[in-house]
1. From the convex hull of the Cα coordinates of the range 196-317, what is the mean projected area in square nanometres?
2. Where the convex hull is taken over the Cα atoms of the range 196-249, what is its projected area averaged over directions, in nm²?
3. Any idea of residue 358's accessible area? Nearest 10 Å², probe 1.4 Å.
4. If the viscosity is 1.002 mPa s and the temperature 20 °C, what translational diffusion coefficient in µm²/s does Stokes-Einstein give for the range 48-457 when Rh comes from Kirkwood over Cα pairs?
5. Express in Å², to the nearest 10, the accessible area of residue 392 obtained by rolling a 1.4 Å probe over the protein heavy atoms while all chains stay in place.
6. In terms of modelled amide H atoms, which long-range or inter-chain residues lie less than 5 Å from the amide H of residue 105?
7. Got a sec to turn the phi values of the range 413-421 into Karplus ³J(HN,Hα) couplings, 6.51 cos²θ - 1.76 cosθ + 1.60 with θ = phi - 60°, whole Hz, x for Gly and Pro?
8. Over the heavy atoms of residue 77, what accessible area does a 1.4 Å probe trace out, to the nearest 10 Å²?
Amino acid sequence: MMNADNSARRRFLKRLGTTTAAVAALGSGTVVASPPDRANARTRGRIDKLGQALPEDAPRYTYGHVREDGMYGAVSSFPRGGNDYGSTLYDLSDLENPVEVHRLETANELTRSNNLKFDGVRDGLYYRTQEADDFGEDDQVGLMGFEVVDYGWGEGTLEDPEIVATVETPNTGVHTLAEHPEKPIVYAVDKDAEERGVIPVDVSDPENPEICGLYGPPGYCHDCEVDTGRNVLHCAYIAGEFEGYAILDLEDPLAPTEIGRFDYEEQPDYEEIGTPGFEDCHQASFDPERGLAVVGDEICATDAIPGGKHVFDIGWDEGSLEDPIPIGFTHSPDARFQEDACFWTTHFHDVVHDGDEVLLVDGGYRQGTWVANITDPTNPTPTERYATDDRMEEAEDHSPGTPPYCWSAVYNEARDFVFASDTLTGAYTFDICAKPARGEDGGGPEGHYDLEAILERGE
C-alpha cells in the first residue's frame, strides 16, 4: 500500500526513467504562437492511476484541491437528485485508497459550490464558494458569496466540521476563489461583467472575514492564482468589459494593482482544431520555475471548436509581466468539433516539474485527465490521457452526460501526486512523471483511454 512515508521513494524510482540531459536553449526573439510542431515534439509524460473514491450517493463533484502537506484533499459539488452536499473532505494518507472524512451540506437547496481552497497558512480551514444553483419562487436565490469551514482550526473537527463565517459578496455570487499561500488572504471573484473583478478578503480572523474592496479590470474574472515568486496575481477574465489575461501586482496584497494584460478582443476566435484562438479565458496559472504562464480557454458552447491551452512568455524571453506574449498552444489530445456542451474543451490544469522535463496536467471533461509536455513552451505536446470513467456503473446519476467528465487536476509537490475530480465518477489520485509516453498515439497502456468506446457512448 502507498503511504506518506514512501512518497519520496516513489519520486526517486519514477525519475530513474527521466532524462538527465539539460534542456537546450530555445533561441531568442519574439515567438508568435502557432500550431504545435508534432515532428519535433517532446513526448515524455506519463499518467498512472493510484486510487479512486466514489462514495455511495455521491454529489456532482466540481473542483478538487489538496492541502499543502498532501495529506487531505477536498472537493466542492453541485446538488444532484436531492443530494445537497456542497463539499467533501478526503484523507489522502494512503494515496491508493482515499477515504471520505466528512461531507458537508450546502447552505440550502438553492445553492451550489463550484470551487473550494484550503487555507494557505493554517491547517484546519477551507473556503467553499456559494452561488445560485436555481431560482425559487419570486426569484429567491441561494447564498451569494463563500463560507469558512473549520475542520480542526477551532471547535470543528475532521468528522464534525463547522461553518464559522459566511461572506456575502456584492453581486451575483462567488464562482471561484484563490488562497494566498503565505498570508491569511482569500481572493474571490463575483461574476459581475462590469464591476472590478477581484475581491481581496482578509481572513486573519476566520470568524470575522473582512472584504477589502474591488480591484483589477472591470469584467467577469473567472479565476485567479497567487504567484508568490513574482508577487503577482494571475487573472483570467472570461466575459464582460474586459476579456483576457490580466496580471495584478501584490505589493499591497489587499489592494492589488494591474501591471499587465493580454486583451482577447484584439485576437482571432477559434476556427479549427490545432490552431490557436482566444475566447472565454477561463484559468490563468504559472510555471513556478520559469518565466511562463499557462492560460486555458473553456468554450462550453455546442456546435463549436473547443478551447485549448496557451503558454505565455512573462519573462522567459521577450515577454514580461507588463507585456505577456503568447508563444505556444495546444488543444487536448482528442479534441474535435464539439457537438455537446463542454465535452472537448480544456478546464482546470496545473504545472508539474520532473527533472529536466515540464508537464501540464489538465482535468479536461470528456478527455479525462491528460498530460502535455511543455518543456519547449513554443511546442506544447499532449502525451498521455486517462479516462476517468472507472466504476461508472456505480455512479448514481450520469447527468450531465456519461463519463468521463473530469473537472480539475491539481498537483501536490509535497507528496508528488495529482488529485483529480470527475463530476460523475468521484475523486482520483494519479502519478504523473516524465518517463517516455507509451503507445504511438500517446494513449498510454491498454485500458487507460478507449476513445472509440467513449465516442460510441455519446451523452
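1. 8.8
2. Values: hull surface 15.7 nm².
The directionally averaged projection comes out at 3.9 nm².
3. Counting only protein heavy atoms, the figure is 10 Å².
4. Working: Rh = 21.0 Å.
The calculation lands on 102 µm²/s.
5. About 40 Å², rounded to the nearest 10.
6. 86
7. 6, 4, 10, 6, 8, 10, 10, 10, 10
8. Probe radius 1.4 Å; accessible area of residue 77 about 0 Å².
The values are calculated or read from the model by the stated rules, or taken from the named source; none is laboratory data. Predicted, not measured: the structure shown is a model, and the values here were computed from it. With ligands, DNA and RNA removed, areas are computed over all heavy atoms of the protein, side chains included. Shrake-Rupley method; radii C 1.70, N 1.55, O 1.52, S 1.80 Å.
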